[in-house]
1. Return the residues of region 113-144 that are in contact (Cβ under 8 Å) with a residue 24 or more places away in the chain and either surrounded by fewer than 15 Cβ atoms within 10 Å (Cβ to Cβ) or in a helix (DSSP H, G or I) (or both); say none if nothing qualifies.
2. Among the candidates 79, 111, 120, single out the residue that is modelled with pLDDT of 80 or more and out of contact with any helix residue (DSSP H, G or I) (no Cβ under 8 Å at 6 or more places or on another chain).
3. In region 35-46, what residues are touching a helix residue (DSSP H, G or I) at 6+ places or on another chain (Cβ under 8 Å) and either surrounded by fewer than 16 Cβ atoms within 10 Å (Cβ to Cβ) or at positive phi (or both)?
4. Mind checking which residues of region 9-34 are closer than 15 Å to residue 98 by Cβ and surrounded by fewer than 19 Cβ atoms within 10 Å (Cβ to Cβ)?
5. Tell me which of these residue 172 doesn't satisfy, since it passes every other one: (1) part of a loop (DSSP other than H, G, I, E, B); (2) surrounded by 17 or more Cβ atoms within 10 Å (Cβ to Cβ).
6. Return the residues of region 47-67 that are surrounded by 21 or more Cβ atoms within 10 Å (Cβ to Cβ) and at pLDDT 85 or above; say none if nothing qualifies.
7. Which residue out of 160, 87, 110 is closer than 29 Å to residue 74 by Cβ, assigned by TED's automatic domain parsing to the domain that holds residue 74 and surrounded by 13 or more Cβ atoms within 10 Å (Cβ to Cβ)?
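The values are calculated or read from the model by the stated rules, or taken from the named source; none is laboratory data. Because the structure is a prediction, the values reported are computed rather than measured. Every residue, glycine among them, receives a Cβ derived from its backbone with ideal geometry; neighbour counts consider all protein chains shown.
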């Protein structure tokens, strides 16, 4: 059994409270299921107890925890799902999304932008992302083909991205 280091429990609690949501969102961003993300994040915090750990700035600590879950996520596949260049691009995109708050501001903007959606665009977002319906199921509901649903989702994601960027620029 791995050695467990003596880290004050209140320090571990603070560390988990500060970084757990961001690390979980990051591994979901990589493509992990919610269940796998739960396991990987738990394992990352267990590594804090198993290995000598020195908490640094929030940014450095979050980066270390992301590296731990990213490596564990990659190891969860027989064949790595990403090449290193792709992982570097994902990390760069994450840093743009997460800024200094672990993604809280981006999620707040995203929720506000989604709340502005109406009609079939709102329906397609709800069915695809909340209910996890396939494109063919959504197409049946909307009377569209699979390619039409794919295009609608792509245009909607672009619109949401633009909305988030606009809200950031406005300081909303």
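1. Start the filter on region 113-144 by keeping residues that are in contact (Cβ under 8 Å) with a residue 24 or more places away in the chain, which leaves 113-114, 116-117, 120-121, 124-125, 128.
113, 114, 116, 120, 121, 124, 125, 128, listed by residue number.
2. Exactly one of 79, 111, 120 is modelled with pLDDT of 80 or more and out of contact with any helix residue (DSSP H, G or I) (no Cβ under 8 Å at 6 or more places or on another chain), namely 111.
3. Matches in region 35-46: 38, 43.
4. If the condition is that a residue be closer than 15 Å to residue 98 by Cβ and surrounded by fewer than 19 Cβ atoms within 10 Å (Cβ to Cβ), then 18, 20, 21, 28, 29 are the ones that fit.
5. (2)
6. Of the residues in region 47-67, the ones surrounded by 21 or more Cβ atoms within 10 Å (Cβ to Cβ) are 48, 65-66.
Hits for region 47-67 are 65, 66.
7. Just one listed residue meets the conditions, 87.
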